[in-house]
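The values are calculated or read from the model by the stated rules, or taken from the named source; none is laboratory data. Computed from a predicted structure; not experimentally measured. Reconstructed Cβ throughout: ideal geometry from the backbone, glycine too, with neighbour counts over all protein chains shown. Protein only, heavy atoms only, side chains kept; ligands, DNA and RNA dropped before computing areas. Shrake-Rupley method; radii C 1.70, N 1.55, O 1.52, S 1.80 Å.
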Amino acid sequence: MLKRYFPILEWAPKYSSRTFVNDLTVAAIVTIMLIPQSLAYALVAGLPPEIGLYASMAPLVLYAVFGTSRALAVGPVAVASLMTAAAAETLASQGTPEYLGAAVALAMVSGLMLIAMGLLRLGFLANFLSHPVISGFIMASGLQIAAGQLAPALGIHAKGETFFELVIALGRNARSINIYTAAIGIASLIFLFWVRSKLKPLARRFGISEKAADLLAKVGPVAAIAATTAIVWGFGLSSRGVSIVGTVPKGLPKLALPPLDLHLWTKILVPALLISIVGYVESISVALTLAAKKRQRVDPDQELIALGAANIGAAVSGGFPVTGGFARSVVNYEAGAETPAAGAFTAAGIALATMFLTPLLYFLPNATLAATIVVAVLSLVDPKALKRVFVYSKADFAAMVTTILATLAEGVEIGLIAGVALAVFLHLYSTSKPHVAVVGQIPGTATFRNIKRHTAVTTPEILSLRVDESLYFPNARFLEDLINGSVAANPEIRHVILECPAVNTIDASALESLEAINTRLGGITFHLSEVKGPIMDRLKRSHFLNELTGGVHLRHYDAVASINSDLVVRTLNAERVEEPVA
């Protein structure tokens, strides 16, 4: 039981000096990568840059204790930062103690929710966020974050709560561009895009190993920060209107509880829940993907607890909501992280940087951090995904586009809720009219298939229907009307057989419809075939089987044979017809 809730007890006793060296090496690499990201994502959240560093210490240590993924790197991420800003801005103005208090409270409430969900094993709730909805939400969030960071990258003062408001504000204030800031921002953007796409192939040409070249490309933002900081300091550009980070408090954060204001907590319940679920979906997706590559095990419910503990750690150390980051986790994995201790060592590296390196950040231009964010979040935008989803499923495409447009027009909370609501509605609508096929026997076999797709043998006296969906309240009446209409249209029908291989559940509403079908068919017998065991167990607890005019058959072949054995035997012995693959 202890190992289940404290996975550290599983791997810590086996920890060796070799593992220590590997994890320490990985931590050094991830620390270099995490410092600029932490500073940048704090700005996305509308918080002072040091808050990003604070959110990158305690959460990593706590995840090392409670987490089950060997490679997941927890910390500030783009989407959670944007959602934090969207929620906090409704409660206070940026730069005020109330705003910071709201962000910290979001981390605490989110953490408590995640732990509660983990203890109650409610990880399945994340399944209500379909992949197209999440993909659309992340794309729209990436566009909104990028639009929001173009202003500081160009030295423009532009504010807006949504993507379209930001674009309009950028256009209106385009004439106020600071030439020095714009030069730094554009140069940083060009360099970072070059690093992302060209540095690795160039390094490979010089004989650098693929792993080393890949890691070199990922820590490129550090070079941009060092160079632009030196330029601003050397040429005194801060006096020419270039916005800089300024004084970053030196030292570790002070441990304290977030504001214990019931009114505040009530207002942030919905945003905290959305941040929790989106963060969990992002984290568990990364964790499972990386674990599968090394045949390691990740416990989804324990991950809820681990992420909850990490967020509570962020809250008590003055940070904001955190989750598992894709880019950092991939670096963790590719650099060879063997245990979650790599995250704890990374936290130690961030702590050392906070204590000794923050004075070096004084002249760091905000334009460079903004460029870092733009390059990072644009990788989240995948226009090709729209085409793939459109070709495969129009319903999923509708949910995806709705999520994108609603997020861009109304903000992250409305966008996510709209996408989820539409996806659930479309699912209910599609299952309310399930695919039902008239089936016949394939000559030379005992197999029954859709007569519209295959050459199959039927008889007018038997209506054989295969329903390709579970039977529950949205589609119960549909099946009832379909059978009644089919029988009314064909007076020769004497038997109706419902084939149920795809029926995984029959709820009370559907049971009542089956009872109504059985009663209203009058002299026509009603049979079921290929009913799954768990459903039979439930049907046996009702009166339906006692009142059924026909029988329940193991195979559809047996159901038809019980009515017309000569037909099925003749068809079985007939020459088999070659069918196209369907």
- Note on the structure: Of the residues in the range 158-177, those that are in contact (Cβ under 8 Å) with a residue 24 or more places away in the chain and either buried (at least 17 other Cβ atoms within 10 Å of the Cβ) or farther than 16 Å from Q144 by Cβ (or both) come to T162, F163
- Message: Is it the case, given these coordinates, that E512 is surrounded by fewer than 17 Cβ atoms within 10 Å (Cβ to Cβ) and either at pLDDT below 95 or over 34 Å from the mean Cα position of the chain (by Cα) (or both)?
- Response: yes
- Message: Looking at the structure I just gave you, is S276 more than 25 Å from Y99 (Cβ to Cβ) and either surrounded by 24 or more Cβ atoms within 10 Å (Cβ to Cβ) or free of Cβ contacts under 8 Å to residues at least 60 places away in the same chain (or both)?
- Response: no
- Of the residues in the range 283-302 that are part of a helix (DSSP H, G or I) and more than 14 Å from the chain's Cα centre (by Cα), the one that is surrounded by the most Cβ atoms within 10 Å (Cβ to Cβ) is L290
- Query: If you take the residues in the range 527-547 that are touching a His at 6+ places or on another chain (Cβ under 8 Å) and of a type outside the set (G, A, S), which one is most open to solvent (accessible area, probe 1.4 Å)?
  - Reply: E530
- Verdict on A153 being surrounded by fewer than 21 Cβ atoms within 10 Å (Cβ to Cβ) and assigned to a helix (DSSP H, G or I): no
- Report, ordered by the first and then the second residue, all pairs with beta carbons closer than 6 Å, sequence separation of six or more or different chains, a first member in the range 372-397 that is of a type in the set (A, V, I, L, M, F, W, C), and a second member that is open to solvent by 90 Å² or more (accessible area, probe 1.4 Å). F397/F390
- Task: Looking at (1) open to solvent by 40 Å² or more (accessible area, probe 1.4 Å); (2) modelled with pLDDT under 90; (3) among the aromatic types (F, W, Y), find the lone condition where F20 falls short.
- Result: (2)
- Item | Given (1) open to solvent by 40 Å² or more (accessible area, probe 1.4 Å); (2) within 19 Å of the chain's Cα centre (by Cα); (3) not β-branched (V, I, T), index of the condition A376 fails | (1)
- Task: Give the residues of the range 178-204 that are small (G, A, S) and either at pLDDT below 90 or open to solvent by 30 Å² or more (accessible area, probe 1.4 Å) (or both), sorted by residue number.
- Result: A183, A187, S197, A203
- Task: Tell me, yes or no, whether the range 118-126 has at least one residue that is under 25 Å from R297 (Cβ atoms) and free of Cβ contacts under 8 Å to residues at least 24 places away in the same chain.
- Result: yes
- Query: Quick one: is L554 open to solvent by less than 70 Å² (accessible area, probe 1.4 Å) and touching a residue at least 12 places away in the same chain (Cβ under 8 Å)?
  - Reply: no
- Task: Would you check if G101 is surrounded by fewer than 23 Cβ atoms within 10 Å (Cβ to Cβ) and not in a helix (DSSP H, G or I)?
- Result: no
